[in-house]
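This report refers to the structure that appears directly beneath it.
The values are calculated or read from the model by the stated rules, or taken from the named source; none is laboratory data. A quick note: this is a predicted structure, and the numbers were derived from the prediction, not measured. Please note: Cβ atoms are built from the backbone with ideal geometry, for glycine as well, and neighbour counts cover all protein chains shown. Accessible surface areas use protein heavy atoms only, side chains included; no ligands, DNA or RNA. Shrake-Rupley method; radii C 1.70, N 1.55, O 1.52, S 1.80 Å.
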Amino acid sequence: MQIEKYSETIAKMRAGHCLFIDGATATELERRGVPQLTNAWNSGGAMSHPAILKDIHKSYIMSGAELIISNTFATCKHTLEDAGEVDNFHQLNSSAVKIAKSACSEMGKENVLVAGGISYWSFTGKHPDLKQLKSNISEQAHILTDAGADLLVLEMMVDI
C-alpha cells in the first residue's frame, strides 16, 4: 500500500494535477483556543491538545486534502530553546507526525500523505550558527521520518 500511495501521487503530479494540501494548522489551533507557547507559537499543541490537533487534520482531510503537514512549524530545536521547551523537542516532533498519521488512519484515508514540516523560524530573531542549525534540522528530520512522515516540507525559509 505504501509504495502505491507514492506511485499514485507521483503519477497524478506528472500528469499535471495539483496536490491539495491542508491549511494553516497552527493558526487553526490558535483560533480554537489552544494556548500559545511564548516564542514558539503553537508548537505545543501536539502535547497539550492532541485531540484538537487531530480534529483539525481530520477537517482538512474531509475537505479533500491529499497532503497533511505535521504541526512542527515551530518545533526546531533553537525555537524550542527560546520557548524553554527544548526538553520536549523529540516528543513534540514525533507526536505531531503520529497525530497526523492517526487522523488519516481514522478517516480511512491511508492514501493521504503526511509531511513533516521543518522551519528554522525564530520568534525572537535569534538563530544558531549554520553548523548548529544544520545539526538541529538534521536531528529534527530524522525524528519526523522515524515517526512516519512520508516526506519533509520546508516552511518559511526566508533567507539562506
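As a test of reading the structure, rank Leu92, Leu37 by solvent-accessible area (1.4 Å probe, protein chains only), most first.
On the way: Leu92 0, Leu37 45 Å².
Largest accessible area first, the list is Leu37, Leu92.
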For this session: Would you list, by chain and number, the lysines whose Cα falls below 16 Å from the Cα of Lys5, excluding same-chain residues fewer than 8 positions away?
Result: Lys101, Lys109
Problem set entry | Of Gly33, Ala11, Phe123, farthest towards positive along the dipole that unit charges on Lys, Arg, Asp, Glu beta carbons give the chain | Ala11
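What Kirkwood hydrodynamic radius, in Å, does the range 1-54 give when the mean of 1/r is taken over all pairs of distinct Cα atoms and then inverted? Don't jump to the answer; show the numbers that get you there.
Numbers: mean 1/r = 0.0740 Å⁻¹.
Taking every pair of different Cα atoms in the range 1-54, averaging 1/r and inverting gives 13.5 Å.
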Problem set entry | Cross-link reach list, lysines versus Lys126, counting only Cα pairs under 21 Å and skipping chain neighbours closer than eight places | Lys77, Lys134
For this session: Tell me which residues come under 5 Å, amide H to amide H, from Val114 once H is placed; ignore anything under 5 positions away on its chain.
Result: Ile68, Asp150, Leu151
For this session: Provide, for q = 0.10, 0.18, 0.19 Å⁻¹, the log10 of I(q)/I(0) from a solvent-free Debye sum over equal Cα point scatterers in the chain.
Result: -0.34, -1.06, -1.16
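Starting from the residue with the highest accessible area, list His57, His17 in decreasing order, probe 1.4 Å. Before the final figure, lay out the partial values.
Details: His57 0, His17 110 Å².
From most exposed to least exposed: His17, His57.
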Seminar exercise, completed: For Ser138 and Asp87, extending 7 Å from Cα along the Cα-Cβ vector and measuring point to point gives, in nm, a value of 2.7 nm
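Write out the trypsin sites (Lys or Arg not before Pro) in the range 1-59 meeting two conditions: DSSP loop, and at most 14 other Cβ atoms within 10 Å of their Cβ. Mind showing how you got there, number by number?
Numbers: sites: Lys5, Lys12, Arg14, Arg31, Arg32, Lys54, Lys58; in loops: Arg32.
Answer in residue order: Arg32.
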Seminar exercise, completed: Residues whose modelled amide H sits under 5 Å from the amide H of Leu37, counting only those 5 or more places away in sequence or on another chain, are Asn42, Ser43, Gly44
Exercise. Can you pull out the trypsin sites (Lys or Arg not before Pro) in the range 103-155 that DSSP calls coil and that have at most 11 other Cβ atoms within 10 Å?
Worked result: Lys126
Exercise. Hey, got the dipole for the chain? About the Cα centre, +1 on K and R Cβ, -1 on D and E Cβ, debye to the nearest 20?
Worked result: 200 debye
Seminar exercise, completed: Simple SL model, points at 7 angstrom along Cα→Cβ for His127 and Ala24; separation in nm is 2.2 nm
Exercise. Given charges of +1 on the Cβ of Lys and Arg and -1 on the Cβ of Asp and Glu, with all other atoms neutral, how large is the dipole of the range 100-160 about its Cα centre, in debye to the nearest 20?
Worked result: 140 debye
For this session: Set Lys and Arg Cβ to +1 and Asp and Glu Cβ to -1, take the dipole of the range 60-103 about its Cα centre, and tell me which of Gly64, Leu80, Gln91 lies farthest positive.
Result: Gly64
Seminar exercise, completed: Computed about the Cα centre, the charge dipole of the range 1-68 from +1 Lys/Arg and -1 Asp/Glu charges at the Cβ has a magnitude in debye, to the nearest 20, of 20 debye
Seminar exercise, completed: Reduced to Cα centres, the span from the range 1-39 to the range 106-123 in Å works out to 6 Å
